[in-house]
1. How about LYS80: which aspartates and glutamates have a C-alpha closer than 13 Å to its C-alpha, ignoring those fewer than 8 places off in the same chain?
2. Along region 199-207, what does the Karplus equation 6.51 cos²θ - 1.76 cosθ + 1.60 (θ = phi - 60°) give for ³J(HN,Hα), rounded to whole Hz, x for Gly and Pro?
3. Quick one: Karplus J couplings for region 247-257, per residue in order, coefficients 6.51, -1.76, 1.60, θ = phi - 60°, nearest Hz, x for Gly and Pro?
4. Considering the dipole of region 114-273 built from charges on the beta carbon (Lys and Arg +1, Asp and Glu -1) around the Cα centre, which of LEU125, THR176, LEU245 is farthest to its positive end?
5. Applying the Karplus parametrisation 6.51 cos²θ - 1.76 cosθ + 1.60 with θ = phi - 60° to the phi angles of region 81-89, what ³J(HN,Hα) value in whole Hz is obtained for each residue in order, glycine and proline being reported as x?
6. Which residues' amide hydrogens lie under 5 Å from the amide hydrogen of LEU129, considering only partners 5 or more residues apart or on another chain, with H built in the peptide plane?
7. Hey, quick one: spin label on LEU208, modelled 7 Å out along Cα-Cβ, who in region 118-157 has an amide N within reach, i.e. under 13 Å?
8. Pull up all non-local amide H partners of GLY369: gap of 5 or more, or a different chain, and H-to-H distance under 5 Å with H placed in the peptide plane.
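Nothing in this text is a laboratory measurement; each read-out follows from the coordinates by a stated rule. Every value quoted in this text rests on a predicted model; they were computed, and no experiment measured them. Quick reminder, even Gly has a Cβ in these numbers, built from the backbone with ideal geometry, and neighbours come from all protein chains shown.
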Amino acid sequence: MPGKVPFRSVAVLTAFTTTTAGIAGALVLGLSGAPPAAALDDGLALTPPMGFNNWNAFGCDVSEQLIRQTADLMVSTGLKDAGYTYVNIDDCWSTHERDASGRLVADPEKFPSGIAALADYVHGLGLKLGLYADAGTATCAGYPGSLGYEEVDAQTFAEWGVDYLKYDNCGNEGLTSPEETEARYRAMGDALKATGRPIVYSICEWGLTDPAQWAADVGHLWRTTWDISDDWDSLSSIVETNMRLDEAAGPGAWNDPDMLQVGNGGMTDTEYRTHFGLWAIMAAPLLIGTDLRTATPETMEILLNEEIIAVNQDPLGVQGRVVAESDGLVVFSKPLSDGGHAVALYNSTDSAATVSTTAAEAGVAAADGYTLRDLWTGAVTSSAGTIAAAVPAHGTVLFRVEADLAGSEDLPDAGLGADIGLGADAGLGADAGEAVGDTVGDVPGLHPVGLGGAAVPMTGWPTQPGASRRMPSA
Ligand code: GLA
């Protein structure tokens with residue numbers, strides 16, 4: 001079978017317990033290398049797709065007017081300039097019957113001008129248009145599916161000027177084995193290719209047949225889970241699945257943990273920052289799923305964080321991998337094309353905790369010192385090797401870490417009691433970090449060298465001479 005992806009094994013290397021902070025054990029995971037998935041070599045989706053999809057906020061209530069307004073807002077709010085490109089229509093855009101020649105027809109009430117005219121409008125703004133179809137006899141909302149109609153539908157989409165196709169898995173007539181599923185999705189992939197139009201192909205079979213194993217040379221991204229809903233349980237369980245699939249991702253081939261719920265009201269801003277930050281470090285598609293006509297400044301600030309978008313869009317195209325995890329505290333590291341790393345300290349638990357790793361564990365080249373930039377607050381700190389933060393419940397601190405290659409100071413690295421550790425702090429609620437991004441409390445061993453945003457409290461330098469410059473071993 002083409003596109004087979006061998007998964008690397010995960011081994012537990014060390015485990016220890018910290019007692020001073022009140023808990024916790026740290027399991028440090030080591031992952032051995034394996035070749036990346038073979039991706040489609042068509043130059044599309046070389047970084048994760050960014051854009052909008054109406055489903056999470058509007059469901060079937062989609063229309064030409066909504067898509068035009070959304071496209072206009074993507075330009076006027078700066079989202080387009082930030083990289084959001086695709087304006088995607090989900091289910092329910094068609095009539096319930098094909099026309100006499102077997103073609104899909106846009107619902108004339110919802111889309112009075114038709115999809116081609118809408119595509120022209122969207123293209124005129126410098127954006128791209130996405131559409132939805134289904135690898136079965138009916139879509140999930142009961143509209144005509146494309147099973148058996150792949151060629152005519154792909155041709156129709158290409159003629160209309162569609163740039164992105166999400167292909168769903170309802171009405172699949174029981175053709176659900178991995179081979180049958182692959183065949184249904186490959187039929188549309190081949191049909192899209194045959195049109196000659198560059199169309200990003202988004203496979204949406206909900207992760208049921210381990211699509212990372214077969215989808216990389218069929219489409220550009222594949223859903224890894226059931227649908228996301230706007231609540232913490234859904235978000236955290238999707239992260240738990242998607243974070244284990246990093247080896248399959250690469251330019252032109254992305255794990256898709258579903259569209260963003262940021263701004264839809266069911267989670268706190270801390271949780272939405274976790275959502276956005278983890279989607280960024282997991283190199284997931286960033287498809288906005290909220291109503292841009294009513295989005296709050298807080299929502300827009302999350303969606304427009306250009307340094308976090310840069311992590312997601314980094315051309316190296318690596319999905320951040322889990323380098324440490326214990327009891328719901330997880331460290332991700334994502335190598336970046338400039339030699340830096342993004343490091344996420346994710347606290348999925350219901351209480352605040354200190355999450356700590358080291359530059360070595362995060363895979364950053366050995367150096368005398370490191371510069372850490374908090375991508376939510378803008379705070380810059382120096383460290384001799386510890387990468388740590390007090391993280392609120394359900395929060396994520398996201399750092400950009402650079403090795404200081406020349407002339408670094410003698411930076412002590414002490415005060416945490418352990419170089420690799422995950423611990424908990426008592427008494428901080430889920431939103432304790434809202435005022436300063438998601439960093440709360442003091443983390444000794446990190447020295448602030450400049451603050452681009454709100455201050456992150458620090459306890460200053462440790463006093464013992466000679467405490468430092470030690471690079472911990474992973
Ligand atoms: C499925 C998909 C969703 C959405 C709906 C539309 O549930 O997974 O993302 O497209 O269908 O009906």
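1. The qualifying aspartates and glutamates are ASP72, GLU306.
2. Running phi through 6.51 cos²θ - 1.76 cosθ + 1.60 with θ = phi - 60° gives 10, 5, 10, 9, 7, 10, 9, 6, x Hz.
3. 5, 7, 8, x, x, x, 8, 10, 5, 10, x
4. Checked the options; the winner is LEU125.
5. Taking θ as phi minus 60°, the curve returns 4, 7, x, 6, 10, 8, 10, 10, 8 Hz for region 81-89.
6. Those qualifying (amide H under 5 Å, at least 5 residues apart or on another chain) are VAL87, ASP163.
7. Once the point is set 7 Å along Cα→Cβ of LEU208, 135-140 turn out to lie under 13 Å by backbone N, inside region 118-157.
8. Those lying under 5 Å, H to H, from GLY369 are ASP404.
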